[in-house]
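Working notes for the structure below.
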Amino acid sequence: GVGMGMTAPVSITAFPAEDGSFQQKVKVSLRIPSQFQDNPPCPTDDSVKIEERQGMTIYSTQFGGYAKEADYVSYAAKLKAALGSDAAYRKDFYLCNGYDPPMKPYGRRNEVWFVKE
């Protein structure tokens, strides 16, 4: 029953298929605002879970515009190519992050993150 407003980034965990596209399973994560982190309100929907994300080191690329699945897949492929075969990162998932509200038409920021192993 507590309104927390929108936070950034909205983070989608993508589980890539063999062809690089998203599998149907994705996980959407929202940051709990600072004032609620010590004692977050309990979700009333069983499909909503509170998780603590551990610190991580990432490889990242950034792009603008209204991001669609195809954009995230494309930039993930570009990041993979830029890293080459020597970089050690998780291959079973990557994170797609959007930082802007839907009504912001210009200067939008999106990122793809690979988590370093």
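The values are calculated or read from the model by the stated rules, or taken from the named source; none is laboratory data. The shown structure was predicted, so the numbers you read here are calculated from the model rather than taken from an experiment. In this analysis, Cβ positions are derived from the backbone assuming ideal geometry, glycine residues included, and neighbour counts consider all displayed protein chains. The protein model used for the area step is the full one, side chains on, heavy atoms only, and it has no ligands, DNA or RNA in it. Shrake-Rupley method; radii C 1.70, N 1.55, O 1.52, S 1.80 Å.
Laid out as a table, the results:
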{"read-out": "Every pair of residues 6+ apart whose Cβ atoms lie under 9 Å, when the first sits in the stretch 89-117 and is over 19 Å from residue 23 (Cβ atoms) while the second is among the small types (Gly, Ala, Ser) and surrounded by 14 or more Cβ atoms within 10 Å (Cβ to Cβ)", "value": "98/11; 98/67; 108/67; 108/98; 109/98; 110/67; 110/98; 111/98"}
{"read-out": "Residue 48 being of a type in the set (A, V, I, L, M, F, W, C) and either outside any loop (DSSP other than H, G, I, E, B) or closer than 17 Å to residue 116 by Cα (or both)", "value": "no"}
{"read-out": "Search result, residues across the stretch 6-21 that are part of a strand (DSSP E or B) and either open to solvent by less than 40 Å² (accessible area, probe 1.4 Å) or within 18 Å of residue 103 (Cα to Cα) (or both)", "value": "10, 11, 13, 14, 16"}
{"read-out": "Residue within the stretch 40-62 that is surrounded by 11 or more Cβ atoms within 10 Å (Cβ to Cβ) and at pLDDT below 90 present", "value": "yes"}
{"read-out": "Answer residue from the stretch 65-99, given it is more than 25 Å from residue 30 (Cα to Cα) and not charged (D, E, K, R) and is surrounded by the most Cβ atoms within 10 Å (Cβ to Cβ) among those", "value": "83"}
{"read-out": "Matching residues in the stretch 68-82 - criterion: being in contact with a strand residue (DSSP E or B) (Cβ under 8 Å, 6 or more places away or on another chain), under 17 Å from residue 16 (Cα atoms) and not basic (Lys, Arg)", "value": "69, 71, 72, 73, 75, 76, 79"}
{"read-out": "Residues within the stretch 108-117 that are part of a loop (DSSP other than H, G, I, E, B) and open to solvent by less than 40 Å² (accessible area, probe 1.4 Å), tallied", "value": "1"}
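Let's see how each residue does on (1) within 18 Å of residue 12 (Cβ to Cβ); (2) in a loop (DSSP other than H, G, I, E, B); (3) touching a Leu at 6+ places or on another chain (Cβ under 9 Å):
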site: 65; (1), (2), (3): yes, yes, no
site: 82; (1), (2), (3): no, no, no
site: 86; (1), (2), (3): no, yes, no
site: 92; (1), (2), (3): yes, yes, no
site: 100; (1), (2), (3): yes, yes, no
site: 106; (1), (2), (3): no, yes, no
